[in-house]
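The values are calculated or read from the model by the stated rules, or taken from the named source; none is laboratory data. For clarity, every value in this text was computed on a predicted model and none was experimentally measured. With ideal geometry, Cβ positions are generated from the backbone for all residues, glycine too; neighbour counts draw on all protein chains shown.
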Amino acid sequence: MGLEKALGLLSKCCICYYKVASNVKFGRKLQIYGVPVIRSPRGRVVIGDGVQLISSSWRASAAALASRVRLRTLRESARIEIGDGVGINGGSVTARSGLIRIGKNTMIGPDCLIMDSDFHIPWPPESRYYYPGEEVDADVLIGAYVWLGARCIILKGVTIGDNSIIAAGSIVVGNIPENCLAAGVPAVVKRKLGE
């Protein structure tokens, strides 16, 4: 989809300004329900073909949404790549300085949170307010055909393999292999799928 056409669509249903949208590439057949927020004054957002951005509880099939879809990059090096056929139901994807890649046909349940950063250095405590700690940011790589259940949190440095399911309410802090079900806080593999 060309930038002019995408901006026309977004002006009717999305909080997204020209300077911001110039760093966003939209695929064909983008479906937007409700009002997503896309902020990328620096960095880049690439949205594949047939992606659904669902920010309306009317359209979300499983649950009411607590928030709109929010896609945000914060530094020039930051990049969000959303593969073809991905569905995002509310929730937030924030890349501060690294890459967040979501593989094709992945389903992201209501109000999930995905981020590549802690946004503050954890220690020493007196440094949290002024030292951002960007050197510990880490990429997030989510494979194809993954299903993130409602209100999952995916933290920096995580890789989730193709076809895996992350149970609702899980917090993923380490890598999850392909073809498995993971759940818990922190999420651990419960069983292999397809056996």
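For the stretch 107-120, filtering for residues that are crowded, with 18+ Cβ neighbours inside 10 Å and either at pLDDT below 90 or more than 11 Å from I154 (Cβ to Cβ) (or both) leaves 4. Would the stretch 183-195 turn up any residue that is touching a Leu at 6+ places or on another chain (Cβ under 8 Å), closer than 20 Å to L99 by Cα and part of a strand (DSSP E or B)? No; the residues of the stretch 183-195 include none that is touching a Leu at 6+ places or on another chain (Cβ under 8 Å), closer than 20 Å to L99 by Cα and part of a strand (DSSP E or B). Restricting attention to the stretch 105-156, the residues that are in a strand (DSSP E or B) and closer than 20 Å to V37 by Cα add up to 7. Residues that are closer than 25 Å to N163 by Cα, at pLDDT below 75, hydrophobic (A, V, I, L, M, F, W, C) and more than 17 Å from the chain's Cα centre (by Cα): does the stretch 7-26 have at least one? No: the stretch 7-26 contains no residue that is closer than 25 Å to N163 by Cα, at pLDDT below 75, hydrophobic (A, V, I, L, M, F, W, C) and more than 17 Å from the chain's Cα centre (by Cα).
Scanning the stretch 55-85 for residues that are assigned to a loop (DSSP other than H, G, I, E, B) and crowded, with 24+ Cβ neighbours inside 10 Å, we see that the one that is modelled with the lowest pLDDT is S55.
Take S97 and tell me if it is in contact (Cβ under 8 Å) with a residue 24 or more places away in the chain, in contact with a helix residue (DSSP H, G or I) (Cβ under 6 Å, 6 or more places away or on another chain) and either in a loop (DSSP other than H, G, I, E, B) or surrounded by fewer than 17 Cβ atoms within 10 Å (Cβ to Cβ) (or both).
Values: in contact (Cβ under 8 Å) with a residue 24 or more places away in the chain: yes; in contact with a helix residue (DSSP H, G or I) (Cβ under 6 Å, 6 or more places away or on another chain): yes; either in a loop (DSSP other than H, G, I, E, B) or surrounded by fewer than 17 Cβ atoms within 10 Å (Cβ to Cβ) (or both): yes.
The answer is yes for S97.
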